[in-house]
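Taking it in order: structure first as structure tokens, then the write-up.
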Amino acid sequence: MKYLCLIYDNESEWQKFPKEVQDKYMGEYMAFGDSIKKSGQYVGANQLQPSHTATVVRSRNGKVSTTDGPFVETKEQLGGYYLVEAKDLNDAIQVASRIPSARSGAIEVRPIVERNAA
Amino acid sequence: MNEDNAAHVRDRVDAIYRSDSRRVLATLIRLLGDFDLAEEALHDAFATAVEQWPGKGIPSNPSAWLISTGRFKAVDRLRKSARFESADGEVLDRLQARETPDHGEEGVEDDRLRLIFTCCHPALSADAQIALTLREVCGLTTEEVARAFLTPASTLAQRIVRAKSKIRDAGIPYEIPSLSDLPDRLDSVLHVIYLVFNEGYLASAGPELTRESLSAEAIRLGRLLVELLPEPEAMGLLALMLLHEARRAGRTSSVGDLILLEDQDRSLWNREQIQEGVTLVERALTSRRIGPYSLQAAIAAVHAEAPDTASTDWAQIVALYDVLLKAEPSAVIELNRAAAIAMRDGPETGLQLIDKILATGELVDYYPAHAARGELCRRLGRVSDARAAYTRTLALVTQEPERRFLERRLMELDSRR
């Protein structure tokens with residue numbers, strides 16, 4: 001099964017970290033990414049620009065409305081994701097628990113809907 | 001067809017349903033990989049048994065027969081299904097790849113453990129874990145589970161449906177957790193098992209005071225856990241259940257009336273279960289991780305080993321409650337501690353403590369609090385206070401034997417006026 005591991009963390013805290021702490025964090029992310037590539041669980045990943053760059057788009061009766069900011073204001077923001085291949089939820093939880101931000105923020109693990117090519 | 005024979009077979013099928021349906025279900029879930037599919041298969045298998053057994057006779061191993069019939073029926077159902085081309089086709093392939101299902105006793109026990117760990121998976125809400133375990137592992141009806149939860153049956157049914165769809169869609173595996181995850185996963189399992197035991201020991205409503213098979217089921221699950229993971233708290237819980245279970249024969253009279261601990265004929269207590277319970281408590285208490293179940297078991301052991309109420313070591317019981325309160329602060333434990341203090345220091349002191357607890361607003365709808373209050377007032381000769389407390393209790397109890405007990409107490413008080 002495929003699982004999307006959504007990384008929620010406090011981005012203002014993150015921005016306050018000194019450069020060497022940020023570098024250490026990035027190093028951990030690189031190591032984590034390498035480990036799941038090696039194990040064959042990596043499907044895709046991206047880091048997102050901070051949430052103030054977000055735009056919310058809605059289309060109602062053919063009229064498009066565009067508003068600023070993330071969909072909901074929360075203490076922890078969506079900062080990136082990993083798309084992983086895992087045997088089952090326990091396996092996915094095991095992977096998610098090793099994402100560096102699991103220690104400071106939280107990881108939401110969501111199964112991907114599998115559609116058969118029938 | 002011989003009608004007597006048909007009726008006899010039907011009785012046997014009912015008995016087998018009660019004793020074996022959960023084991024069969026647990027194995028069918030493993031074989032079919034889906035809760036709903038397995039439940040349908042279980043129904044189909046029993047329906048087929050009712051049809052075929054009167055003519056063909058009852059098979060020598062009914063569970064194995066039910067498992068292979070259920071599995072066959074599920075495959076049949078999938079074949080006929082309109083969605084055969086897609087998802088069901090995959091399930092079917094998987095099923096047909098496994099032609100020799102394991103019917104051994106060992107495998108069946110493992111399946112039950114798989115089922116309970118899956119039902120108690122931490123990705124499910126606590127409410128869902130308990131509801132699902134009582135429904136799937138213990139086979140309670142949705143109504144029984146709802147009563148145990150004090151929740152409307154419709155809410156409960158929805159909770160179970162959601163939990164099952166989460167198991168399926170989120171890919172919660174049907175397995176016993178790895179050794180490294182086991183301790184973490186154990187807590188929720190212990191909690192659920194204890195609730196199951198209590199449902200059997202103090203059935204939430206109805207004419208029967210106890211439902212022996214449920215308690216026996218909880219004890220069996222407890223044993224299996226201790227075997228798999230000899231963690232102190234698993235032993236503590238098993239000991240606690242055994243020590244309660246040992247008193248079962250003494251708890252009710254021949255006509256099903258409730259008998260208080262102090263009035264019980266202790267020769268009726270099951271010495272074998274007490275011995276086993278005490279040994280387990282001792283083992284649990286020698287560990288450095290003493291938890292709430294072990295402490296409650298230690299309290300039960302003090303009761304079990306005392307020849308009567310008067311010579312019970314109440315000081316030790318109070319001391320154990322003190323430790324328990326530190327480990328797990330709760331108003332119910334405070335109430336029990338108050339009752340023990342009443343035995344150690346006299347009813348007046350106990351009553352003051354109970355009134356203090358009730359004054360906080362906690363336990364005002366918890367009938368044992370009012371029952372304990374009534375009992376202490378009665379001992380103090382405060383007849384009208386005792387009457388008021390018992391009347392309040394009567395309004396809160398849902399069980400027939402307890403109702404009868406309270407009515408008797410009230411009549412005794414009337415005659416004292």
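Taken together, the values in this text are just the output of simple stated rules run on the coordinates, not laboratory data. Since we're looking at a predicted model, the values are computed, not measured. Every residue, glycine among them, receives a Cβ derived from its backbone with ideal geometry; neighbour counts consider all protein chains shown.
Result for chain B in a Gaussian network model with C-alpha springs under 10 Å: among B:292, B:347, B:183, the largest mean-square fluctuation is at B:183. Structural descriptor for chain B: relative contact order 10 percent, calculated from alpha carbon pairs under 8 angstrom and at least 6 residues apart.
What is the helix-to-structure angle for B:3-32, meaning the angle in degrees between its Cα long axis and the longest Cα principal axis of chain B, kept from 0 to 90 and rounded to the nearest 10? So the helix axis and the longest Cα principal axis differ by about 80 degrees.
Shielding by partners for peptide B:169-181, expressed as the average number of C-beta atoms from other protein chains within 10 Å of each residue's C-beta, is 4.
Can you sort A:56, B:281, B:397 so the residue with the fewest Cβ neighbours within 10 Å comes first?
Listing A:56, B:281, B:397 from fewest to most nearby Cβ atoms yields A:56, B:397, B:281.
Per residue of peptide A:89-102, the mean number of Cβ atoms on other chains within 10 Å of the residue Cβ is 2. Relative contact order of the range B:329-417, taken over Cα pairs closer than 8 Å and 6 or more residues apart, is 21 percent. Sequence neighbours fewer than 8 away in the same chain don't count; with that in mind, list the lysines whose C-alpha is under 30 Å from residue B:56. Within the straight-line cut-off, residue B:56 pairs with B:73, B:80.
With the charge dipole of the protein assembly as shown set up from +1 on Lys and Arg Cβ and -1 on Asp and Glu Cβ about the Cα centre, the Cα lying farthest toward the positive end among the listed residues B:45, B:157, A:86 is that of B:157.
Annotation: the antiparallel percentage among DSSP beta bridges lying fully within the protein assembly as shown is about 95. Diagonalising the gyration tensor over the Cα atoms of the range A:2-111 and scaling each eigenvalue by 5 before taking the square root yields semi-axes of 27, 20, 11 Å, largest first. Built from the Cα atoms of the range B:306-383, the convex hull projects on average onto 5.4 nm², one quarter of its surface area. Neighbours of residue A:10 by Cβ distance under 10 Å: Lys/Arg scored +1, Asp/Glu scored -1, total -2.
For the options B:142, B:286, B:349, a Gaussian network treatment of chain B with springs between C-alpha atoms closer than 10 Å singles out B:286 as fluctuating the most. As a proxy for reagent exposure, A:43, B:24 were ordered by neighbouring Cβ count within 10 angstrom, fewest first; the result is A:43, B:24. By other beta-carbon atoms within 10 Å, ranking B:43, B:370 with the fewest at the front produces B:43, B:370. When chain B is treated as a GNM with alpha-carbon contacts under 10 Å, the residue of B:289, B:337, B:159 showing the greatest mean-square fluctuation is B:289. Using the empirical formula 2.2 N^0.38 Å as the baseline, the Cα radius of gyration of the protein assembly as shown reaches a ratio of 1.19. Looking at the range A:7-90, the trypsin sites (Lys or Arg not before Pro) that sit in a DSSP loop and have at most 16 other Cβ atoms within 10 Å of their own Cβ are A:75, A:87. Measure nothing fancy, just the Cα-based angle from helix B:367-379's long axis to the longest principal axis of chain B, in degrees from 0 to 90, nearest 10. Between helix and principal axis, roughly 30 degrees. From the Kirkwood radius over Cα pairs of chain B, Stokes-Einstein at 10 °C and 1.306 mPa s returns a whole-number translational diffusion coefficient of 67 µm²/s. Between helix B:383-396 and chain B there is an angle of about 10 degrees, using the helix long axis and the longest principal axis of the Cα atoms. Measuring gaps between exposed loop sites in chain B (GluC sites (Glu not before Pro); DSSP loop; at most 13 other Cβ atoms within 10 Å), the longest gap, sites not included, is B:209-417. When the Cα positions of A:54, A:74, A:25 are compared along the charge dipole of the range A:4-118, A:54 comes out farthest toward the positive end, with charges on each C-beta of Lys, Arg, Asp and Glu.
With 28 Å as the limit on Cα-Cα distance, the pairs of A:19/A:75; A:87/B:164; A:38/B:166 that go past it are A:38/B:166.
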